[in-house]
Amino acid sequence: MALELVGKLIKTLPEVSGQSQKGPWSKQEFVLETLDSQYPKKVCLTAWGEKVNDLKQFATGDTLKATFSAESREYNDRWYTELRAFRIEIAEGEAAAPSAPAGGGYSSRPAQSAPASAPSKPAAASFNSAFDDDESNDLPF
């Protein structure tokens with residue numbers, strides 16, 4: 001399952017490396033901030049192996065597109081989720097600056113005004129007249 005995320009690189013965490021039975025390994029986590037204008041989210045992703053070197057070519061503040069997979073593991077009755085980036089590149093064109101509608105992500109329609117010939121006083125008067133003490137206006141139930 002491949003997922004994509006476009007965001008601004010806000011932090012690159014220190015590289016971690018080690019030795020396993022299969023050989024040396026390295027990983028580096030980085031944080032992208034989504035481009036949502038009203039509620040941006042920070043997402044931590046992990047680059048493994050040669051992707052660590054790919055990550056070094058980007059600077060803080062660059063707008064990136066990360067293609068990643070999500071996987072979870074259980075350890076001591078707790079679940080841990082990792083977002084493993086397998087493609088990291090500079091976001092281009094429209095993907096770098098998605099056009100979000102004004103008004104917090106909701107498209108706004110122009111307010112519909114009442115016709116100029118419809119006065120608001122009679123409407124208020126007819127609304128209030130529904131609550132008078134006239135028993136002929138009672139509902140049948």
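Points worth noting:
- Leading residue by the ranking (farthest from Gly7 (Cα to Cα)) among those in the stretch 41-57 that are touching a residue at least 12 places away in the same chain (Cβ under 8 Å) and over 22 Å from the mean Cα position of the chain (by Cα): Gly49
- Residue check for Val16: without any contact (Cβ under 8 Å) to a residue 24 or more places away in the chain, surrounded by 12 or more Cβ atoms within 10 Å (Cβ to Cβ) and more than 20 Å from Glu89 (Cα to Cα): yes
- Per-region count, the stretch 45-65, residues over 14 Å from Gln28 (Cα atoms) and either in contact with a strand residue (DSSP E or B) (Cβ under 7 Å, 6 or more places away or on another chain) or surrounded by 14 or more Cβ atoms within 10 Å (Cβ to Cβ) (or both): 6
- Residue check, Ala100 modelled with pLDDT of 55 or more, more than 14 Å from Leu9 (Cα to Cα) and within 18 Å of the chain's Cα centre (by Cα): no
- Every pair of residues 6+ apart whose Cβ atoms lie under 8 Å, when the first sits in the stretch 67-83 and is more than 14 Å from Leu5 (Cα to Cα) while the second is exposed (fewer than 10 other Cβ atoms within 10 Å of the Cβ) and among the hydrophobic types (A, V, I, L, M, F, W, C): Ser72/Trp79; Arg73/Trp79
- Qualifying position, being among the hydroxyl-bearing types (Ser, Thr, Tyr) and either in contact with a Cys (Cβ under 8 Å, 6 or more places away or on another chain) or at pLDDT 90 or above (or both), among Ser37, Ser117, Ser129, Ser72: Ser72
The values are calculated or read from the model by the stated rules, or taken from the named source; none is laboratory data. Every value quoted in this text rests on a predicted model; they were computed, and no experiment measured them. We place every Cβ from the backbone using ideal geometry, glycine too, and count neighbours over all the protein chains shown.
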